[in-house]
Ligand SMILES: [Zn+2]
Ligand SMILES: [Zn+2]
């Protein structure tokens, strides 16, 4: 199975590289010659968890991490090791890169998610940002996308969506690939929300793509095993030390440090200083929903989540078990 995963990963990386390079060329043409950007390509890159351009970032950052922290502490060693968490991270990487998650999303939403995503470019209902030059639109798009990202992440921590988001939080140790570890419905919903607002405001496609790449770079860095940069993590952008607290099992760390830019957590009262490392990271998982084969786990989580919604609506019996305040408790370190 490990050989199959490695072969799939290599194939996906090669395909991703080709499509990623095509996107770079498309983007360059759009910026240099003012050609209209291929929105379908942009949506494919941004909405999906396996953002293809991120492969380039992923490979570069993973190599940099190995050079900085050494093989023993690297994400690569964990991904190729024998821990449950590392195996799930590796498979989520493969599922994300091969776009297998899109099949789950399409089946779960009866194809409607794809229709909504395809309709986004025509949704510029308040096109205040349409005529902005790239140098202004790009940083503004970062601010808007990070703001929406903060609130959509908070949404995923509500009792309704937590069972899906817990799939990401179930990692016992963080690696670069934990950035790809998310339930497909969670990643699709958060990705769609992050795109929706800048699309409504009429931001040019290349500015949204720039913002998406910045967010992806931050997400990869914050799940890495690189050293933290205290001043940066305190005032500008969250890194591995701050995001590790977001994954902590300790109750006083729960529902903190949601964002990419520090400003939103400071402004909305969810910032917590990374004064010390957490005792452990992960979630309580009595039913072992978030363990084992990643694809099987994704489907089991989805079935359980839909049953819980059914119970909320009074369709089934019993009550909802998982909620942000009760789902996390101490795990062995
Ligand atoms: Zn979270
Ligand atoms: Zn995370």
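Rule-based calculations on the coordinates, nothing more; no lab input. Being a predicted model, the structure only gives us computed values, none of them experimental. Virtual Cβ from ideal backbone geometry, glycine too; neighbours counted across all protein chains shown.
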Exposure proxy check on 260, 112, 270: fewest-to-most Cβ neighbours within 10 Å is 112, 270, 260
Any chance you could run the full-extension gain for residue 251 through residue 128? It's 0.36 nm times the residue separation minus the Cα-Cα distance, nm to one decimal. 40.1 nm
Taking 0.36 nm per intervening residue step and subtracting the Cα-Cα distance, what contour gain separates residue 313 from residue 296 on full extension? 3.5 nm
Just need log10 I(q)/I(0) for the range 193-280 at q = 0.11, 0.12, 0.18, 0.23 Å⁻¹, Debye formula, equal scatterers on the alpha-carbon atoms, no solvent, rounded to two decimals. -0.34, -0.40, -0.80, -1.11
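State the extension gain, in nm to one decimal, for the chain segment bounded by residue 73 and residue 116, taking 0.36 nm per residue of separation less the distance between their alpha-carbons.
The span from residue 73 to residue 116 would gain 11.3 nm if fully extended.
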Exposure proxy ranking, count of Cβ atoms within 10 Å, fewest first, for 158, 219: 158, 219
Highest average packing first - 76-87, 303-314, 163-174, Cβ atoms within 10 Å: 163-174, 76-87, 303-314
For the pair residue 306/residue 33, report the inter-label distance in nm, with labels modelled 7 Å from Cα in the Cβ direction. 4.6 nm
Most exposed first, judged by fewest Cβ atoms within 10 angstrom, 89, 131 run 131, 89
